[in-house]
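Shown next, in structure tokens, is the structure this report addresses.
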Amino acid sequence: MQHSSSPDSDTAASQRDAIVLLARERLSTAVLSDTLDGMGLIHQVMERSIRPLDERLVLCGRARTGNFRDVYHFQQDDNVYEPLAELVADLHPDDVAVLACGRSGRIASWGSLLSLAAQLRGAAGCITDGLMRDVGQIRELGFPAFSAGYGAIEMHGRAALIAAEVPVHCGGVWVSPGDLLYGDVDGVVVIPRDVEREVVRVACGKAAVEREIVEALRNGTPIVDVLRRFGSL
């Protein structure tokens, strides 16, 4: 398995944390999607099959990636979970495990024990275009998790983690390590790191306008007048 890491400086880490905190407190997938569309980045929302296990929870953090492939042999002494355990053991506060599993529908790469281990390290959640198991227990933990479906099958004999900390194609979107991720009941948005500051800045402005629109509507302004005034809904 390929694995690489390059620690950021304390300054970069604090700046990164500030962006995550700002996005988590003020934004949503809808406003982030609109902002990215306006910048010409129109393929940053994961496929609608990627759904939250608990629609009440919000996920926001930095991508830590893993790439899986299907296998079709079972060996009793295979320790297929060790590379994944290493990835989880290296998670930091506000990290999000992003696990690309392809479209076979036979890879359940995440469960309750991994969720607990990640949560105890301060991780912000997990996203996979594969399956998740132990769904009830993950919900009880209150750990933000998104997947393409649920399944009781285990990974042994069906899948292997072949690379970590590499760009992956997950849920129809390319995700690179360190990219900013935001997930809520509407889905998951991927914000490339090289544009994140501008995206978050513009999105916060849009969110502020939306709050003004809500106030205008609650104060009795007709929706047609609101549209004319603000130019959008």
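Among the residues of segment 79-93, count how many are part of a loop (DSSP other than H, G, I, E, B) and open to solvent by 50 Å² or more (accessible area, probe 1.4 Å). Of the residues in segment 79-93, 3 are part of a loop (DSSP other than H, G, I, E, B) and open to solvent by 50 Å² or more (accessible area, probe 1.4 Å). Being without any contact (Cβ under 8 Å) to a residue 24 or more places away in the chain and assigned to a helix (DSSP H, G or I) is a property that holds for LEU113. Filtering segment 126-163 down to residues that are at positive phi and either in contact with a Ser or Thr (Cβ under 6 Å, 6 or more places away or on another chain) or in a strand (DSSP E or B) (or both), which residue is surrounded by the fewest Cβ atoms within 10 Å (Cβ to Cβ)? The extreme case among them is GLY149. Number of residues in segment 191-220 that are crowded, with 16+ Cβ neighbours inside 10 Å and over 25 Å from the mean Cα position of the chain (by Cα) equals 2. When ARG62 is tested against (1) of a type in the set (D, E, K, R); (2) in a loop (DSSP other than H, G, I, E, B); (3) at pLDDT 95 or above, only condition (2) is not met. The residue pairs whose first member lies in segment 182-197 and is farther than 17 Å from PRO167 by Cα, whose second member is open to solvent by 40 Å² or more (accessible area, probe 1.4 Å) and among the basic types (Lys, Arg), and whose beta carbons are closer than 7 Å, counting only pairs six or more residues apart or on different chains, are GLY187/ARG48. Flag not set for GLN75, criterion: in a helix (DSSP H, G or I), out of contact with any strand residue (DSSP E or B) (no Cβ under 7 Å at 6 or more places or on another chain), surrounded by fewer than 18 Cβ atoms within 10 Å (Cβ to Cβ) and not hydrophobic (A, V, I, L, M, F, W, C). For segment 100-122, how many residues meet the condition of being open to solvent by less than 10 Å² (accessible area, probe 1.4 Å), among the hydroxyl-bearing types (Ser, Thr, Tyr) and at pLDDT 95 or above? The qualifying residues number 1. Summed over segment 164-177, residues that are open to solvent by less than 10 Å² (accessible area, probe 1.4 Å) and not β-branched (Val, Ile, Thr) total 3.
Criterion first (assigned to a helix (DSSP H, G or I) and under 15 Å from GLY183 (Cβ atoms)) does LEU32 satisfy it?
Values: assigned to a helix (DSSP H, G or I): yes; under 15 Å from GLY183 (Cβ atoms): yes.
Answer is yes for this residue.
Is it the case that segment 38-57 has a residue that's among the acidic types (Asp, Glu) and over 17 Å from the mean Cα position of the chain (by Cα)? There is no residue in segment 38-57 that is among the acidic types (Asp, Glu) and over 17 Å from the mean Cα position of the chain (by Cα).
Give the residue, chosen from VAL199, VAL189, that is β-branched (Val, Ile, Thr), part of a strand (DSSP E or B) and in contact with a helix residue (DSSP H, G or I) (Cβ under 9 Å, 6 or more places away or on another chain). Steps first, answer last, please.
Numbers: VAL199 fails: part of a strand (DSSP E or B).
After applying the criteria, what remains is VAL189.
The values are calculated or read from the model by the stated rules, or taken from the named source; none is laboratory data. Note that the structure is a prediction, hence the values are computed from the model and not measured. Please note: Cβ atoms are built from the backbone with ideal geometry, for glycine as well, and neighbour counts cover all protein chains shown. Note: accessible area is taken over every heavy atom of the protein model, side chains too, but ligands, DNA and RNA are not part of it. Shrake-Rupley method; radii C 1.70, N 1.55, O 1.52, S 1.80 Å.
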